[in-house]
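The values are calculated or read from the model by the stated rules, or taken from the named source; none is laboratory data. Not measured: the values here are computed from a predicted model. Here Cβ is always computed from backbone atoms with ideal geometry, including for glycine, and neighbour counts include all displayed protein chains.
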Amino acid sequence: MQLNCVDRGRVRRAFHRQAGSYDEHTRVQKRVVSRFVQLLAHKSLAPASFLDVGTGTGMLSRGLSGLYPDAAACGIDLAFNMCRTAQQPTWTLNADAEKLPFRAKVFDLVVSTSVFQWLGQPDEAFAEACRVIKPGGWFCFAMFGGDTLHELRSSYRAALAGSASVTGDPTHRFFSPREVSDALARAGFAVPEVFSEHETDLYPDVKELLFALKGIGAGNASPDRGLGLARRSVMLRMMEIYQERFGVDGEIPATYEVIYAFCRKGPC
């Protein structure tokens, strides 16, 4: 698996800053939560406890409260302000998905949405989920996959190719369903069910899309912080290319590939 070069501190700070405005900009994330809860309902699970990894403002945990009203719920989030603003019937901790602060085999179900794409690679987080799940318990999540924001990324690369002063490609790389499935197998989950669906949002222009991404803290997580005016010129050219290639009827699309995964931990 090719690794993402991700500045985890930058990710944490971005989501920490945007905790108060997160729900105002999460159109796709809200649809993902709704779809995920719908898919979980068909699994007919009855967990006595569940852990929400990357709980954010508690959107997923609130959605699951109707499915599992008697379950003891716990959430963790890397960003401290997300924990403070979480509106949910959940015990919330400021913690890292790659270093869960729980003993082994304590949860019947571990869930997550729109989180694992921010990891350099998912193996450690998946292994941690497997560690804290009871034998026979479930690990179920949704994350953004390889086609996510392909319009933005291809437009940026085209603008970068025309620049003599800026080199390298700091755009975020998203994992494919196959890479996710293989990582789950390495973590110890047997025969994971992994598939993807696509969601598309429309914006009046590229500036509005970038504003929305910034509003949820989902800026580029690359350690490359840019080169001042040279990087600005690339960004302006990117916006032009995006509009030229993808603009239709005064709007531009932003595509998200959503990977859904459902797997069970075997007896051990």
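Matching residues to (1) buried (at least 23 other Cβ atoms within 10 Å of the Cβ); (2) at pLDDT 90 or above:
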| site | (1), (2) |
| --- | --- |
| Phe80 | no, no |
| Gln87 | no, no |
| Leu93 | no, no |
| Arg103 | no, yes |
| Ser114 | yes, yes |
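Does region 131-152 contain at least one residue that is at pLDDT below 95, aliphatic (A, V, I, L, M) and not in a strand (DSSP E or B)?
yes
Going by the conditions given, is Thr148 in contact with a Gly (Cβ under 6 Å, 6 or more places away or on another chain) and farther than 20 Å from Pro267 by Cα?
no
Got a number for residues in region 185-229 being at pLDDT below 60 and surrounded by 14 or more Cβ atoms within 10 Å (Cβ to Cβ)?
So the answer is 9.
Mind telling me which of the residues Phe102, Phe141, Phe107 ends up being closer than 30 Å to Asp70 by Cβ and free of Cβ contacts under 8 Å to residues at least 60 places away in the same chain?
On the way: Phe141 fails: free of Cβ contacts under 8 Å to residues at least 60 places away in the same chain; Phe107 fails: free of Cβ contacts under 8 Å to residues at least 60 places away in the same chain.
Just a single option satisfies the conditions, and that option is Phe102.
Could you say whether any residue in region 117-127 is modelled with pLDDT under 90, of a type in the set (A, V, I, L, M, F, W, C), closer than 23 Å to His172 by Cα and part of a loop (DSSP other than H, G, I, E, B)?
Yes: region 117-127 contains one or more residues that are modelled with pLDDT under 90, of a type in the set (A, V, I, L, M, F, W, C), closer than 23 Å to His172 by Cα and part of a loop (DSSP other than H, G, I, E, B).
Provide a single number: the residues in region 146-161 that are touching a residue at least 24 places away in the same chain (Cβ under 8 Å) and in contact with a His (Cβ under 9 Å, 6 or more places away or on another chain).
Qualifying residue count for the region: 3.
Which ones in region 130-145 are in contact with a strand residue (DSSP E or B) (Cβ under 7 Å, 6 or more places away or on another chain) and more than 11 Å from Glu197 (Cα to Cα)?
Answer for region 130-145, where residues must be in contact with a strand residue (DSSP E or B) (Cβ under 7 Å, 6 or more places away or on another chain) and more than 11 Å from Glu197 (Cα to Cα): Cys130, Val132, Ile133, Lys134, Pro135, Gly136, Gly137, Trp138, Phe139, Cys140, Phe141.
Which of the residues spanning region 238-254 are of a type in the set (Val, Ile, Thr) and within 22 Å of Ser163 (Cβ to Cβ)?
Listed by number, the residues that qualify are Ile241, Ile252.
Could you list, in sequence order, the residues of region 236-268 that are under 30 Å from Phe126 (Cβ atoms), small (Gly, Ala, Ser) and either at pLDDT 95 or above or in a strand (DSSP E or B) (or both)?
Ala254, Ala261 - these are the residues of region 236-268 that are under 30 Å from Phe126 (Cβ atoms), small (Gly, Ala, Ser) and either at pLDDT 95 or above or in a strand (DSSP E or B) (or both).
Please specify each residue of region 160-184 satisfying the condition of being of a type in the set (Asp, Glu), more than 16 Å from the chain's Cα centre (by Cα) and modelled with pLDDT of 85 or more.
Of everything in region 160-184, just one residue is of a type in the set (Asp, Glu), more than 16 Å from the chain's Cα centre (by Cα) and modelled with pLDDT of 85 or more, namely Asp182.
Assigned to a loop (DSSP other than H, G, I, E, B), at pLDDT below 90 and crowded, with 21+ Cβ neighbours inside 10 Å: is that true of Gly56 in this structure?
Working: assigned to a loop (DSSP other than H, G, I, E, B): yes; at pLDDT below 90: yes; crowded, with 21+ Cβ neighbours inside 10 Å: yes.
Judged against the criteria, Gly56 is a match.
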